[in-house]
1. Could you grab me the full set of residues in segment 92-105 that are surrounded by 14 or more Cβ atoms within 10 Å (Cβ to Cβ) and modelled with pLDDT under 95?
2. Taking residue 123 as meeting all but one of (1) over 12 Å from residue 40 (Cα atoms); (2) of a type in the set (A, V, I, L, M); (3) surrounded by fewer than 11 Cβ atoms within 10 Å (Cβ to Cβ), write down the number of the exception.
Amino acid sequence: MVAMALRPIPSLAVLMLCALGAPGAWAGELAARCSNATLKGTYLFHHSGILEGQPYAESGRVVYDGKGGLVVAYQDSTGSGGTEKATYRVSADCIGKVSYDNGQTETSFISPDGSRLTYTMTVPSGQKPTALSGVEVRVAP
């Protein structure tokens, strides 16, 4: 019985060593996994926060072309909606930047498979306070 009780210990030690090495391995994979092509397809989104000093929420759909262009269709908490075009770029470490014509920018953190992302939107300095954050989930390729 004593010998059987000792067998799991080496296995446990191997598992622990693998787990300790895994974060470094994952970071290495992540560093070379993303590009503009990571974001391609249709995503649903929602975000909320403060827009020009007032509470605000918005939801809609974003279509990424996989080449650096996107189109957003949205409806917001003020009762308005519409569509906008923007450009984006995704770095190898899966951080994305979106730029809108009105000066707003978005910084996103993208899953390596491109299935979802979380983001924060900011406006140029000198405008009323804006702090919006949200998530996007891919629903179609």
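The values are calculated or read from the model by the stated rules, or taken from the named source; none is laboratory data. Since the model is a prediction, treat every value here as computed from it, not as a measurement. No Cβ is skipped: glycine too gets one built from the backbone with ideal geometry, and neighbour counts run over all protein chains shown.
1. Scanning segment 92-105 gives 100, 104, 105.
2. (3)
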